[in-house]
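In what follows, a single structure is set out as structure tokens and then discussed.
The values are calculated or read from the model by the stated rules, or taken from the named source; none is laboratory data. Everything numeric in this text was worked out from a predicted model, so none of it was measured. No Cβ is skipped: glycine too gets one built from the backbone with ideal geometry, and neighbour counts run over all protein chains shown.
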Amino acid sequence: MRSFLYVLSALAVMGLAFWAYHENYKTQAALAEVERLQDDIAENRETLSILKAEWAYLNRPDRLRDLADLNFERLELMPLAPEQFGRVEEIAYPAPPVPEALEPIPLSFKERQEP
């Protein structure tokens, strides 16, 4: 009976060692994936900062003004002036839709007679 318990214990230890071995490699693979993703994020952030700098450079007001002047015949763009802006109160918003009555409401004119 003791030998059976020794064999069973040895098999349990080998099974746990096998499980720990696989978990160790899964953990190392997950850490490598996290490191790769962090490198990708850092690269994408760097690319984004470069693109933002290029966008700011291309949208300089003096450059845009020169481009508008060069293409005036084709685009007919005028420079912005304060008189071109309106107030929010001047905007004509559409009227909200009026909901339809589901059932007609009977009105009695006898009750509403004026003296």
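Taken over region 74-94, the criterion of being closer than 25 Å to TYR57 by Cα and among the charged types (D, E, K, R) is satisfied by ARG74, GLU76. Of the listed requirements (1) modelled with pLDDT under 90; (2) exposed (fewer than 10 other Cβ atoms within 10 Å of the Cβ), ASN71 misses just one: (2).
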